[in-house]
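*Asks:* One structure, pasted below without further comment.
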Amino acid sequence: MADPCIICVAITGSLPRKEDNPAVPVTVAEQVDSTHEAFEAGASIVHAHVRNDDQSPSSDPEKFARLKEGIARHCPGMIVQFSTGGRSGAGKTRGGMLPLRPDMASLSVGSNNFPTRVYENPPDLVAWLASEMKTHEIKPEIEAFDLSHILKAAEMHAAGEIAATPYVQFVMGVKNAMPADRAVFDFYVTTVARLFPGAPWCAAGIGRHQSELNEWSIAAGGHARTGLEDNIRLDRDTLAPSNAALVRRTAEICARHNRPVATPTQAREILGLRAAI
C-alpha cells in the first residue's frame, strides 16, 4: 500500500476576507465548526489563526485556548498547529500562545516579500520562537517561502535549535515570493531528501495554485495543505462552500494517486508527535 498522505486544512488565515467568501470562518465557534467538517472530510492537521471581533488578526492566547479546546472536544486526535505568522502580532507576541502546547506551530525562518509588504522574520525572533517551541515540546513546521529557508532549517537542526526530524512545507504562489514553478518544486524535494533523509514534507499552493501543488506533492510522495486561508475558490468561477469541500477535493487527488488519506493517528506517527491527550 502507498504511504498515507496527511491533509492539513488552513481554516481561516488572518486577512478579513469574510466579504470575499462568507464560508471563511472568523469567530472561534465558526472555526471549530469548520474544522470539524474538515476533520470529517479527512483533514488530520488544522493550521489555525484567530481574529479579533472586527476580523483583524489577533494574537490573543485566550482565543487560541478556546479554539484548541473546541477542536480537541469535537475532533478527537486531530493535530493542532498554531500560526506564529507576522500578521498576528509583532515580535514575541507572535509566540504568546505557545505555552498552550499545541502539537505543532508554523515557523518561518527567514524574511521574504509578500504582495504589499515585507514578511519580516529577523534572526533573533526566529531563534526565540524555535526555543519556545523546543521548551514546550511543539514540533515546528518550517514554512519555506524560499530555498534559503530550507537551508536555514538545516543549519538550525544541526545546531540543535530544531529537535527531532524537521518537517518542511514549501509555500509557492505568493505574489513577489516563490512562484509555483515545477522545476523549483522538484529541486526543493531533492534538497529536503539530501539534507533530511527520510523526512516527511508538505507543500502549499496559494490561490489558483492550490490544487496544482496538491497534485505535485501527493504524486511525489509528500503531504498536502488546503483550505480557505490559501484559496477561497473550487475553480475559477466557483467559491468554495467550505473548508471541507477543499479537503474532499484533496482527498480525491490522493485517490487518483493511490495514496490513502492519513488518519490522525497515522499522521502523528509519520510526524513523530506525542499521542493525543
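*Asks:* If you scan the range 118-168, which residues turn out to be crowded, with 22+ Cβ neighbours inside 10 Å and of a type in the set (Gly, Ala, Ser)?
*Replies:* Once the filter is applied, which keeps residues that are crowded, with 22+ Cβ neighbours inside 10 Å and of a type in the set (Gly, Ala, Ser), the range 118-168 yields Ala130, Ala144, Ala153.
*Asks:* Name the residues in the range 122-145 that are part of a loop (DSSP other than H, G, I, E, B) and within 17 Å of the chain's Cα centre (by Cα), would you?
*Replies:* Ile138, Phe145
*Asks:* What number goes with the only condition from (1) part of a loop (DSSP other than H, G, I, E, B); (2) over 18 Å from the mean Cα position of the chain (by Cα); (3) not basic (Lys, Arg) that Ile253 does not pass?
*Replies:* Failed condition: (1).
*Asks:* When the residues of the range 182-206 are filtered to those that are free of Cβ contacts under 8 Å to residues at least 12 places away in the same chain and over 29 Å from Arg233 (Cβ atoms), which remaining residue is most open to solvent (accessible area, probe 1.4 Å)?
*Replies:* Among them, the one singled out is Arg194.
*Asks:* Hey, another quick one. Being in a loop (DSSP other than H, G, I, E, B) and in contact (Cβ under 8 Å) with a residue 12 or more places away in the chain: is that true of Val109 here?
*Replies:* Yes; evaluated as a whole, the condition is true for this residue.
*Asks:* Report, ordered by the first and then the second residue, all pairs with beta carbons closer than 8 Å, sequence separation of six or more or different chains, a first member in the range 227-247 that is among the β-branched types (Val, Ile, Thr), and a second member that is open to solvent by less than 10 Å² (accessible area, probe 1.4 Å) and part of a loop (DSSP other than H, G, I, E, B).
*Replies:* Ile232/Asn21; Ile232/Val24; Ile232/Ala240; Val247/Ala43; Val247/Gly227
*Asks:* Could you please find all residues in the range 26-80 being part of a loop (DSSP other than H, G, I, E, B), modelled with pLDDT of 95 or more and open to solvent by 30 Å² or more (accessible area, probe 1.4 Å)?
*Replies:* Pro76
The values are calculated or read from the model by the stated rules, or taken from the named source; none is laboratory data. Owing to the predicted nature of the structure, the values given are computational and were not obtained by experimental measurement. With ideal geometry, Cβ positions are generated from the backbone for all residues, glycine too; neighbour counts draw on all protein chains shown. Keep in mind that these areas ignore ligands, DNA and RNA; they rest on the heavy atoms of the full protein, side chains included. Shrake-Rupley method; radii C 1.70, N 1.55, O 1.52, S 1.80 Å.
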